[in-house]
Amino acid sequence: MPDEQNQICEEINEFKNFVENFFKKTISFDDKLYTFRVLIEIFILMKFTSFLNDRIILLFILNIIIFYAPLEKKCPHFLFKSRMFLRQIIEGAMGAIDCLIPRYEDMNEKK
């Protein structure tokens with residue numbers, strides 16, 4: 001029993017550290033593209049949740065939790081793959097926007 005409690009405490013501490021690092025990295029503005037991407041993801045999530053009813057989103061999440069075991073058998077790592085699919089779409093859009101922004105080039109370096 002104490003081993004299970006220690007394991008649960010370690011997992012809680014790992015999650016706490018992950019959340020703290022996420023917020024520190026987002027708020028610190030060290031990587032401006034990362035901060036910009038996170039803020040856009042949060043904004044899109046806010047718009048999506050305000051567009052749909054909260055009960056629909058809650059039912060969708062509960063269905064995934066209930067049917068997670070059969071989904072995991074048919075399609076291993078279903079949640080991870082679906083999360084990565086959405087993340088790649090967002091990163092691709094951000095990369096396309098980043099490519100469209102012109103860069104400053106010094107005239108002295110060209111000569």
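Below is a table of values for the structure above.
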{"read-out": "Gaussian network model of the chain, springs between alpha carbon atoms under 10 Å - residue of Ile90, Ile66, Ile40 with greatest fluctuation", "value": "Ile66"}
{"read-out": "Label point at Glu41 placed 7 Å out along Cα→Cβ; residues across the range 3-23 whose backbone nitrogen lies under 20 Å", "value": "14-23"}
{"read-out": "Sequence of Met84, Met107 once ranked by neighbouring C-beta atoms within 10 Å, starting from the fewest", "value": "Met107, Met84"}
{"read-out": "Prolate/oblate/rounded label for the chain (Cα gyration tensor, a/c 1.5)", "value": "prolate"}
{"read-out": "Label-to-label distance, nm, for residues given as Ile90 and Phe29 (7 Å Cα→Cβ offset)", "value": "2.1"}
{"read-out": "Extension reserve of the Cys9-Met107 stretch, reckoned as 0.36 nm per residue once the Cα distance is removed", "value": "29.5 nm"}
{"read-out": "Label-point separation in nm, Asn53 to Phe22, each point 7 Å along Cα→Cβ", "value": "2.8"}
{"read-out": "Selection of GluC sites (Glu not before Pro), the range 28-111, meeting DSSP coil and at most 13 other Cβ within 10 Å", "value": "Glu105"}
{"read-out": "Of the DSSP H helices in the chain, those whose Cα atoms cover at least 15 Å axially and whose Kyte score averages -0.5 or more", "value": "32-51, 54-66, 78-100"}
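Every read-out reported here was derived from the displayed coordinates using simple, explicitly stated rules and does not represent laboratory data. Please read all numbers here as calculations on a predicted model, not as lab measurements. FYI the Cβ positions are ideal-geometry reconstructions off the backbone, even for glycines, and counts take in every protein chain you see.
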